[in-house]
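One structure below.
Read-outs throughout are calculated quantities, based only on the coordinates presented, and are distinct from any laboratory measurement. All figures in this text were calculated on a predicted structure; none of them were measured in a lab. Positions of Cβ are generated from backbone atoms using ideal geometry, with glycine treated the same way; all protein chains shown enter the neighbour counts.
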Amino acid sequence: MAKPNGSIDAIELLTQQHREVKEMFDRFENMTDRAKVSKKKLADEICNALIMHTTIEEEIYYPATREASEETEDMVDEAVVEHASAKDLIAQIMEMDPGDDLYDAKVKVLGELVEHHVKEEEEEMFPKTRELKLDLEALGQEMKARQQEIEAAQ
Ligand SMILES: [Fe+2]
Ligand SMILES: [Fe+2]
């Protein structure tokens, strides 16, 4: 939930981005094969959103979570490995066009991978983070600033 002064805590920010990317994957799924230009545009938007999201998690949220407790260390390690698989697919998709073999399959598999990853973050990692003594408002602010920087460069 956004605060009156417009600030947003780290977990709210990440959860909101999860919803946004899920909505984009759903829209992609419903596009016809003929809509090649729109498909390419949307797939690239998804890829850029995921690059931004994984970057702010890896640079800011994961290190803070990892340092806060030993219990979260394994969770973060697993998440980083999942990000690496996602990034590999993202790089392939961005190089490809909707007419290419396996294009739709790669976007679909990326969507499934992200869905699984998001579920673990939201059901395991985020609740755990809430128990830790982290300044989620400050982390949220830092992440939001980094987000704007990344988006400006994309
Ligand atoms: Fe993640
Ligand atoms: Fe995430």
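Annotations
- Rounded if a/c under 1.5, otherwise prolate or oblate - the chain, Cα gyration tensor axes: prolate
- Point-to-point label distance, Leu113-Met94, nm (Cα→Cβ direction, 7 Å offset): 1.4 nm
- Cα long-axis angle, helix 71-95 against the chain (0 to 90 degrees, to the nearest 10): 20 degrees
- For the chain, the longest principal axis of the Cα atoms and the long axis of helix 136-153 meet at an angle of about 30 degrees.
- Degrees, to the nearest 10: 103-120 long Cα axis against longest axis of the chain: 20 degrees
- Alpha-carbon centroid distance for the pair region 33-58 / region 94-119, whole angstrom: 10 Å
- The charge dipole of the chain, taken about its Cα centre with unit charges on the Cβ of Lys, Arg, Asp and Glu (plus for the first two, minus for the last two), comes to roughly 800 debye.
- Rounded if a/c under 1.5, otherwise prolate or oblate - region 66-154, Cα gyration tensor axes: oblate
- Stretch gain in nm, segment Ala153-Thr32, where the contour uses 0.36 nm per residue and the Cα spacing is subtracted: 40.5 nm
- Charge dipole (the chain, unit charges on Cβ, about Cα centre) - positive-most of Ile150, Ala86, Thr129: Ile150
- Relative exposure of Thr54, Thr32, judged by other C-beta atoms within 10 Å (fewest first): Thr32, Thr54
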